[in-house]
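The values are calculated or read from the model by the stated rules, or taken from the named source; none is laboratory data. In this text, all values refer to a predicted model and were calculated from it rather than measured experimentally. Neighbour counts run over all protein chains shown; Cβ positions are idealised from the backbone, glycine included.
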Amino acid sequence: MSEAATATPTDERTPLDRLPLRAELRGKVPYGAPQLDVPVLLNVNENPYAPSDALVADVAAAVAEATRGLNRYPERDAVALREDLAAYLLRESGVALDASRVWAANGSNEVMLQLLQAFGGPGRRALGFAPTYSMYPDYCRDSHTRWVTEPRRDDFTIDVERAVGAIADQQPSVVLVASPNNPTGTALDAATVLALYEACVDACSLLVVDEAYAEFRRPGTPSALELLEGRPLLVVTRTMSKAFALAGARLGYLAADPAVVDALQLVRLPYHLSAVTQAVTRAALRHTDELQAEVAALRGARDELVAWLRARGHEVAETDANFALFGRFADRHAVWQGLLDRGVLVRETGPDGWLRVSVGTPAEMDAFRTALEEVTA
Ligand SMILES: *Cc1c(COP(=O)(O)O)cnc(C)c1O
């Protein structure tokens, strides 16, 4: 008899299936925006400008200094870094906080996971508003929290009445809302945040506003940081990955009541933030002026991109971020592929029919426009 004829179903399992893997991880694929070698990368909302020579020199010197102490564990509470982040938030949003209200970790992804480890868990729910960031369900799975969503309106804004009803019905321990939202670019106004907050107070849930793209918000769009004072259940997360052009360093942070920070210290791994990461981030923060000038240029390029797309008859979601969700295409995959064939990588994400493009340099935007005109001609 051939081997195939005698094989039992067990023999067809993959090597991973033979491990005692948690049931909810079986058959899953890891997070993976494609990392393709393409000339024009407009798919993961990075800042297209590499660090300046001055910033590189400052970071290199800071790493050299930190290296002298690498035989020791890092400063566990990263207090100096948290003070610098608080000073940055004061400059950026005009909100004064002290280090006891700021917490940092390896990317806002880790901050978010720590929030769910501390405030989610078995038997608990986290509520979000779809479409939204694709990582939220993963943090929930990894912290054994049940992820539930309410749909956004057709224009991707949040229907406040419906949201307040969902919080009351679901009684989540965490409400997670990105503003500006990924992949839509939609920012929350203050009235919406306040209405969600009141519902969260009634349900005793933490309201987490993920402001990964806050620095790109348009004039008149507020930051939820302005609402922190006197609201112990409000958490605002930020990151160095987008506006600050430091995605490779992995540094995210939050601002909240000191009690939230105390809770996260219970679940963080010991010495979670390396001395090198702390030093690199502090050095980068010394270059806030030059980075803020780049962000202003990117905001201008975003507004031009949106106007250009609309002038060509595309639908574009209102955006306060460094990307735009545009469409709608009967076959979005064909458009995505056509752009890729012309050396331009965008993201096939969001509701069917839509594509997301990040704001790049003027040359990258030219390449995108030329390619899109060819593909949709
Ligand atoms: C990119 C992004 C982040 C940032 O993640 P980091 O771990 O800080 O790099 C967080 N939230 C949203 C919605 C994002 O799009």
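Out of all the residues in segment 242-272, which are in contact (Cβ under 8 Å) with a residue 60 or more places away in the chain, more than 13 Å from the ligand (Cβ to nearest atom) and part of a loop (DSSP other than H, G, I, E, B)? If the condition is that a residue be in contact (Cβ under 8 Å) with a residue 60 or more places away in the chain, more than 13 Å from the ligand (Cβ to nearest atom) and part of a loop (DSSP other than H, G, I, E, B), then ALA256, ASP257, ARG268, PRO270, TYR271, HIS272 are the ones that fit. ALA80 falls short of the stated requirement of being among the hydrophobic types (A, V, I, L, M, F, W, C) and either more than 20 Å from ARG268 (Cα to Cα) or not assigned by TED's automatic domain parsing to the domain that holds VAL260 (or both).
All of (1) modelled with pLDDT under 85; (2) assigned to a loop (DSSP other than H, G, I, E, B) hold for ASN43 with one exception: (1). Restricting attention to segment 226-241, the residues that are of a type in the set (A, V, I, L, M), away from the ligand (no atom under 12 Å from the Cβ) and assigned to a loop (DSSP other than H, G, I, E, B) total 2.
Could you say whether any residue in segment 58-80 is more than 16 Å from the ligand (Cβ to nearest atom), in a loop (DSSP other than H, G, I, E, B), modelled with pLDDT of 95 or more and within 25 Å of VAL193 (Cα to Cα)? Scanning segment 58-80 turns up no residue that is more than 16 Å from the ligand (Cβ to nearest atom), in a loop (DSSP other than H, G, I, E, B), modelled with pLDDT of 95 or more and within 25 Å of VAL193 (Cα to Cα). Return the residue satisfying two criteria in turn: it lies in segment 172-215 and is touching a strand residue (DSSP E or B) at 6+ places or on another chain (Cβ under 9 Å), small (Gly, Ala, Ser) and in a helix (DSSP H, G or I), and of such residues it is nearest to the ligand (Cβ to nearest atom). Here the answer is ALA214. All of (1) at pLDDT 95 or above; (2) buried (at least 16 other Cβ atoms within 10 Å of the Cβ) hold for GLU198 with one exception: (2). Annotation note: of LEU355, LEU340, LEU325, the sole residue that is in contact with a helix residue (DSSP H, G or I) (Cβ under 8 Å, 6 or more places away or on another chain) and either buried (at least 17 other Cβ atoms within 10 Å of the Cβ) or not assigned by TED's automatic domain parsing to the domain that holds ARG217 (or both) is LEU355. For residues that are of a type in the set (Val, Ile, Thr) and within 16 Å of the ligand (Cβ to nearest atom), scanning just segment 132-171, find the one that is surrounded by the fewest Cβ atoms within 10 Å (Cβ to Cβ). The qualifying residue surrounded by the fewest Cβ atoms within 10 Å (Cβ to Cβ) is THR149. For segment 112-126, indicate whether the set of residues that are in contact with a Cys (Cβ under 9 Å, 6 or more places away or on another chain) and either acidic (Asp, Glu) or away from the ligand (no atom under 16 Å from the Cβ) (or both) is non-empty. Scanning segment 112-126, I find at least one residue that is in contact with a Cys (Cβ under 9 Å, 6 or more places away or on another chain) and either acidic (Asp, Glu) or away from the ligand (no atom under 16 Å from the Cβ) (or both), so the answer is yes. The condition of being aliphatic (A, V, I, L, M), closer than 24 Å to ALA255 by Cβ and touching a Ser or Thr at 6+ places or on another chain (Cβ under 6 Å) holds for only one of VAL102, VAL111, that being VAL111. Of all residue pairs spaced 6 or more apart or on separate chains, those with beta-carbon atoms under 8 Å, a first member in segment 28-52 that is outside the structural domain of LEU372 (by TED's automatic domain parsing) and in contact (Cβ under 8 Å) with a residue 60 or more places away in the chain and a second member that is within 15 Å of the ligand (Cβ to nearest atom) and among the acidic types (Asp, Glu) are TYR31/ASP138.
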